[in-house]
Amino acid sequence: NKLSPADELPYLAGFLDGEGSFSASRGAISIRCTNTHVASLRRLEAKWGGNVRLHSLRKGHRACWQWVLYSESAVKALRDLIPYLGEKRMQALMLLEYRKTKPRDPVRGWIVGQLSVLKRLETLPLG
C-alpha cells in the first residue's frame with residue numbers, strides 16, 4: 001500500500017516500535033526487524049538501506065524475513081524515527097549517545113546495561 005510522505009515515518013516508527021530491535025555491540029549500533037510480511041521490511045530497506053534476507057523457512061510455516069541496518073545508516077534512521085517512536089524512543093536516544101562514546105569509555109558499558117533494562121521493562125505485562 002502506498003503511504004503519503006506525511007504518513008510514512010509515523011508508520012515505519014510504529015512498525016519498528018512493535019516489531020523492531022535496537023542494539024549496540026562492539027562499537028556498532030544496529031536496527032533489526034524480523035517479520036513474515038516482507039513488503040513492510042522492503043519499505044524499511046527502501047527508506048534507509050540495509051538488507052532484507054530470509055531469516056527462517058520451516059515446513060508448515062510462512063517464511064520469516066529480517067531487515068538489518070548498521071552504523072551510520074542506523075544513526076540516520078534513528079534520527080528520522082525519534083520524533084515518532086513511542087516505546088523505543090529512549091532506546092534510540094541511548095544508541096545515539098553510545099555512538100558518541102570512545103571504545104574504552106565506561107559509559108558505553110553503562111548504556112548497554114541500561115538498554116537491556118529498558119527492553120525488559122517494555123516487555124512487562126500491564127495491569
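The values are calculated or read from the model by the stated rules, or taken from the named source; none is laboratory data. All of these numbers come straight from a predicted model, not from anything done at the bench. Quick reminder, even Gly has a Cβ in these numbers, built from the backbone with ideal geometry, and neighbours come from all protein chains shown. What goes into the accessible areas is simple: the full protein's heavy atoms, side chains included, and nothing from ligands, DNA or RNA. Shrake-Rupley method; radii C 1.70, N 1.55, O 1.52, S 1.80 Å.
Brief remarks on what is shown
- Single residue of Leu69, Leu54 found to be hydrophobic (A, V, I, L, M, F, W, C), open to solvent by 80 Å² or more (accessible area, probe 1.4 Å) and in contact with a strand residue (DSSP E or B) (Cβ under 9 Å, 6 or more places away or on another chain): Leu54
- Leu41 of a type outside the set (Ser, Thr, Tyr) and open to solvent by less than 80 Å² (accessible area, probe 1.4 Å): yes
- Test: Leu81 is open to solvent by less than 40 Å² (accessible area, probe 1.4 Å), modelled with pLDDT of 95 or more and out of contact with any strand residue (DSSP E or B) (no Cβ under 8 Å at 6 or more places or on another chain): yes
- Failed criterion for Lys2 (all others in (1) open to solvent by 30 Å² or more (accessible area, probe 1.4 Å); (2) under 14 Å from the mean Cα position of the chain (by Cα); (3) basic (Lys, Arg) hold): (2)
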